[in-house]
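Since the structure comes first, as structure tokens, the remarks are kept for the end.
The values are calculated or read from the model by the stated rules, or taken from the named source; none is laboratory data. Values in this document were obtained by computation on a predicted structure and should not be read as measured data. So basically every Cβ, Gly included, is an ideal-geometry build from the backbone, and we count neighbours across all protein chains shown.
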Amino acid sequence: MPEVASRSHIQKIQPIVHGALQKAGITLDEIDCIAVTNGPGLPGSLLVGLCFAKSLAFARKIPIVGVNHIHAHALSPAIENNIPFPYLCLTASGGHTSLSIVYSMLEQRTIANTRDDAAGEAFDKVAKLLNLGYPGGPIIEQLAREQQFKDFFAYPRAKHKELFFSFSGLKTAVLYHLMQEGWYDRTQKKFTQEENHPLKAMIASSFLASVSDIMVSRITIALQQHPEIQAIAFAGGVACNQFIKTNIEQCARQHNRPFFAPRPSYCTDNAAMVAFAGYQKAKTCQFDDQTLDLLRWQNI
Ligand code: KG4
Ligand code: ZN
């Protein structure tokens, strides 16, 4: 609910900034520049961060740098790794699923996006169908592990030769499967079997196997289309998923490319990756000013 999210940002931003400074053991006087996400994302929440950052920069008389959220995700594997350029980064989160080619710390190009649901969103929606709670990704992974990530139901993989992602068909396939077997009541929007029915783990396992296959297939196509790619990286909240990570790593090995993924705290949304991306721009004096605004769609 965007309205609730932006109100929550208003309540939290000041204590979080204060807490971050305290944790780092520094004061605002020691901050030389402020990096802030200016899109893509929920405009109401982004505006809270942007207005706060601009006010802080104005009051402290320090420069400000706008950071594209997806660019920050795609650079996050480089926070703690020395990755050869250009590298391919799959960024998969609750709001985005994209493939980018990262040419340098300052330059990258998105070569594929999702046409509908983001991968994390699909995890969350399937978890909701199974009455598992939020966020769905970690719970689905845990359940799938109980079934050794076996593929029981062979959900569709969208075996086209194009790069784009699409996850809504997969989610609908799970829904129809549940309804067909009488395991889901569509009017009450409820999973009808008991809480720890083994079916849940079987569906979770098959769903995760499909998502993993889809991701590996897109990376394989990207490698065929862009042989200049030197390494593969995986970022965003979904990159916490050990099963998908292992499969992508295996794909990278088959194609003789090194594989990199950030530690989990740099996978899910985090300010460190925004600071890191902003720092790259600040080093080359690519500052913004008080006219900094949310990214327009065509610039994303
Ligand atoms: O990057 P992130 O923290 O926020 C967004 O920008 O959305 O990603 C959150 C998403 C959620 O949809 C969550 O279900 C998914 O990341 N996620 C996972 C796992 N951990 C988090 N998906 C699959 N497996 C996981 N282990
Ligand atoms: Zn994100």
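Structure notes:
- Any hit, the range 138-161, residues being more than 15 Å from ligand 1 (Cβ to nearest atom) and aliphatic (A, V, I, L, M): yes
- Meets criteria (farther than 21 Å from residue 262 by Cβ, within 16 Å of ligand 2 (Cβ to nearest atom) and at pLDDT 95 or above) for residue 68: no
- Unmet requirement for residue 91, which otherwise passes all of (1) under 23 Å from residue 262 (Cβ atoms); (2) free of Cβ contacts under 8 Å to residues at least 24 places away in the same chain: (2)
- Only one of the listed residues (70, 31) is touching a strand residue (DSSP E or B) at 6+ places or on another chain (Cβ under 8 Å), of a type in the set (A, V, I, L, M, F, W, C) and on the phi < 0 side of the Ramachandran plot. That residue is 70.
- Any chance residue 55 is away from ligand 1 (no atom under 14 Å from the Cβ) and either of a type outside the set (A, V, I, L, M, F, W, C) or in contact (Cβ under 8 Å) with a residue 60 or more places away in the chain (or both): yes
- Just one residue in the set 261, 239 is modelled with pLDDT of 95 or more, near ligand 1 (Cβ under 10 Å from one of its atoms) and under 16 Å from the mean Cα position of the chain (by Cα); that residue is 239.
- Once the range 86-100 is narrowed to residues that are in contact with a Phe, Trp or Tyr (Cβ under 6 Å, 6 or more places away or on another chain) and not polar (S, T, N, Q), the residue that is farthest from ligand 2 (Cβ to nearest atom) is 86.
- The residue that is nearest to residue 236 (Cα to Cα), among those in the range 129-186 that are touching a strand residue (DSSP E or B) at 6+ places or on another chain (Cβ under 6 Å) and in contact (Cβ under 8 Å) with a residue 60 or more places away in the chain, is 165.
- The criterion of at least 2 residues that are among the β-branched types (Val, Ile, Thr) is met by the following helices (runs of 4 or more DSSP H) wholly inside the range 187-292: 198-225, 242-254.
So that you can scan it fast, the table gives a plain yes or no per residue for (1) surrounded by fewer than 19 Cβ atoms within 10 Å (Cβ to Cβ); (2) within 16 Å of ligand 2 (Cβ to nearest atom):
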| site | (1), (2) |
| --- | --- |
| 226 | yes, no |
| 229 | no, no |
| 235 | no, yes |
| 249 | yes, no |
| 283 | yes, no |
| 296 | yes, no |
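- Odd one out for residue 149, checked against (1) modelled with pLDDT of 95 or more; (2) over 22 Å from the mean Cα position of the chain (by Cα); (3) surrounded by 15 or more Cβ atoms within 10 Å (Cβ to Cβ): (2)
- Against the numbered list (1) without any contact (Cβ under 8 Å) to a residue 12 or more places away in the chain; (2) among the β-branched types (Val, Ile, Thr); (3) closer than 29 Å to residue 98 by Cβ, residue 79 comes up short only at (1).
- Within the range 21-36, the presence of a residue that is under 17 Å from the mean Cα position of the chain (by Cα), of a type outside the set (Asp, Glu), assigned by TED's automatic domain parsing to the domain that holds residue 290 and surrounded by 14 or more Cβ atoms within 10 Å (Cβ to Cβ) is excluded.
- The listed residues are 21, 46, and the only one of them that is within 15 Å of ligand 1 (Cβ to nearest atom), modelled with pLDDT of 95 or more and among the hydrophobic types (A, V, I, L, M, F, W, C) turns out to be 46.
- Among the residues making up the range 49-67, those that are among the hydrophobic types (A, V, I, L, M, F, W, C) and crowded, with 20+ Cβ neighbours inside 10 Å are 50, 53, 57, 64, 65, 67.
- Total residues in the range 187-196, condition touching a residue at least 24 places away in the same chain (Cβ under 8 Å) and either crowded, with 20+ Cβ neighbours inside 10 Å or touching an Asp or Glu at 6+ places or on another chain (Cβ under 8 Å) (or both): 1
- Taking the listed residues 208, 178, 199, the one that is surrounded by 18 or more Cβ atoms within 10 Å (Cβ to Cβ) and farther than 19 Å from residue 92 by Cβ is 178, with no other qualifying.
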